[in-house]
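See below for the structure under consideration.
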Amino acid sequence: MARRGLHREVTEVRAPDAWYLKAGLSAPMLAAALVGHSFTAARRIGKLLLLDSDGGSVVGLHFGMTGRLVVDGSAGVEHLEYSSPREEPAWDRLGLVFADGGGLVVRDPRRLGGVFLDPDESRLGVDALSVTPSGLRRLLAGSTAPLKARLLDQSRLAGVGNLIADEVLFQAGLDPARAAGSLSPAEARRLHRHLRTTLESFLAQGGSHTGVLQPMRSRGGPCPRDGTPLQRRTVGGRTSWSCPRHQR
């Protein structure tokens, strides 16, 4: 979807929600960086979509749980679990108008995302889709932090959110509260395999709400694998759902 906005000159920047512009960014600053220029590439590091401009600037878009990218009136994701199906102009946090008459919009009902200019990419860890098995083992080695907390640490592994972590650990049969450094080599390989397959599945199906665990995330919800009532805990500061029977 983002690639549909490439190589099109930006003629106007609309940023009605100043709060949505992060790290000291303002609407005039963003306009100065983008008007008269076009995007040449779209990249992703973890949860951040990066748009490179021929003017030398990079725009970082973080969508949170409810944000969507809309290009020329068409959204890349039709449905988000924690968002609204309505289309409200008041939810448009950023709008770019192109010289050809089209445009790019970030629509976020709950204002959980943000827009950055020239974000510090060095603060992000390796992208979760590109981490190697040995890289994941090094990331976990020696850590006494809960396994889920380690996966959620964006400075180490970029791109794993709360729902993704729960789904990956469910599929891998690993307890989210286990010490990250306690995994055996075989368990670490299994975690890497399910991290990759889960992320690829979510990308293909439209988001982290499409996991098999998601519909059961409620009190009394049964484990999709063995029917055991799911356990709800706070792990790494986040609400976590797991099966006390097969996740160890």
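Every read-out reported here was derived from the displayed coordinates using simple, explicitly stated rules and does not represent laboratory data. Owing to the predicted nature of the structure, the values given are computational and were not obtained by experimental measurement. Here the Cβ positions follow ideal geometry from the backbone for every residue, glycine too, while neighbour counts run over all protein chains shown.
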Task: Inter-centroid distance (Cα atoms) of the range 219-248 relative to the range 89-168, Å - done: 24
Task: Using θ = phi - 60° and Karplus 6.51 cos²θ - 1.76 cosθ + 1.60, couplings along the range 98-110 (whole Hz; Gly, Pro as x) - done: 9, 4, 7, x, x, x, 10, 10, 9, 10, 9, x, 9
TODO: Multiply the residue gap between L112 and R232 by 0.36 nm, knock off their C-alpha separation, and tell me the result in nm, one decimal place.
DONE: 40.8 nm
Task: Residue-averaged 222 nm ellipticity for the chain, from DSSP H runs of 4+ at -39500 (n - 2.57), nearest 500 - done: -6500 deg cm²/dmol
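May I ask you to sort K148, K22 by Cβ crowding, counting other Cβ atoms within 10 Å and putting the fewest first? Intermediate values should be presented prior to the final figure.
Working: K148 27, K22 14.
Fewest-to-most ranking of K148, K22: K22, K148.
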Open item on the list: Can you list residues from other chains, or at least 5 along the same chain, whose modelled amide H is less than 5 Å from the amide H of L157?
Closed with: G125
- [ ] May I ask you to sort S122, S155, S143 by Cβ crowding, counting other Cβ atoms within 10 Å and putting the fewest first?
- [x] S122, S155, S143
TODO: Within 10 Å of each residue's Cβ, count the other Cβ atoms and sort E12, E187 from fewest upward.
DONE: E12, E187
- [ ] Send over the Kirkwood Rh of the chain, from the inverse of the averaged 1/r over different Cα pairs, rounded to one decimal Å.
- [x] 19.3
Task: In order through the range 149-163: 3J(HN,Hα) via Karplus (6.51 cos²θ - 1.76 cosθ + 1.60), integer Hz, x for Gly, Pro - done: 4, 5, 5, 7, 6, 5, 6, 10, 9, 8, x, 9, x, 4, 5
Open item on the list: At 0.36 nm per residue, and after removing the present C-alpha to C-alpha distance, how many nm does the segment from R4 to R217 gain when stretched out fully?
Closed with: 73.1 nm
- [ ] Note down the nm distance, to one decimal, between modelled labels 7 Å out along Cα→Cβ at E200 and at R245.
- [x] 2.9
